[in-house]
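The values are calculated or read from the model by the stated rules, or taken from the named source; none is laboratory data. A quick note: this is a predicted structure, and the numbers were derived from the prediction, not measured. Neighbour counts are summed over all protein chains in view; Cβ atoms, including those assigned to glycine, are modelled from backbone coordinates with ideal geometry. Surface accessibility is based on the protein's heavy atoms, side chains included, excluding ligands, DNA and RNA. Shrake-Rupley method; radii C 1.70, N 1.55, O 1.52, S 1.80 Å.
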Amino acid sequence: QSPNDMPTYLAGIVLLCVMFYEMQLGLKEAPFVWLLGVLTNRHGREKLSMLLYWGTAVPAGVLGISALARRIESVTVVRKLYHILAVLLFAPALFLEGEVATELRKLLALALGVALCGLICVESFRLGQLDPIGSLAGTF
């Protein structure tokens, strides 16, 4: 690492702080406190099961598609597989009805915000060519 990497790291930290602050403004309380409240109030079991579904489907899907990508030469096919994964992640929360569906959609919005923050950070590391994340993201 060189001293020139420091501005990029600082920009990433500032971006994370700004996103956390924005989440706090939107939720009107700390995101972790809000999440704990959401999981412990009514329909907590359904929301926890959806979080577990997302938490297992994302790594399993990414690892599975990455393994397939080594065998498939078409970048378009690999991209479409990621689109299918996204649909499989969003569909359960979108097709539910009632009070639990409204609460799950709020949880989905928070999850999308966290995912967007992560993607922006990874992309910043890739563009700044900062190791180890920048080199890993650059090869993908």
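A 1.4 Å probe run over the protein chains yields, for the stretch 4-93, 70 Å² of accessible area per residue, whole-number rounding.
What FRET efficiency comes out for K80 versus I120 if R0 is 22 angstrom and r is the Cβ-Cβ distance? Round to the nearest 0.05.
Once rounded, the FRET efficiency stands at 0.40.
Quantify, in whole percent, the carbon and sulfur part of the accessible surface of the stretch 5-125 (1.4 Å probe; protein heavy atoms only). Roughly 73 percent, rounded to a whole number.
Stick to Cα atoms and the Kirkwood definition of Rh, then tell me Rg/Rh for the stretch 5-125. We get a ratio of 1.03 for the stretch 5-125. Between S49 and F20, the FRET efficiency estimated from the beta carbon spacing at R0 = 30 angstrom works out to 0.70.
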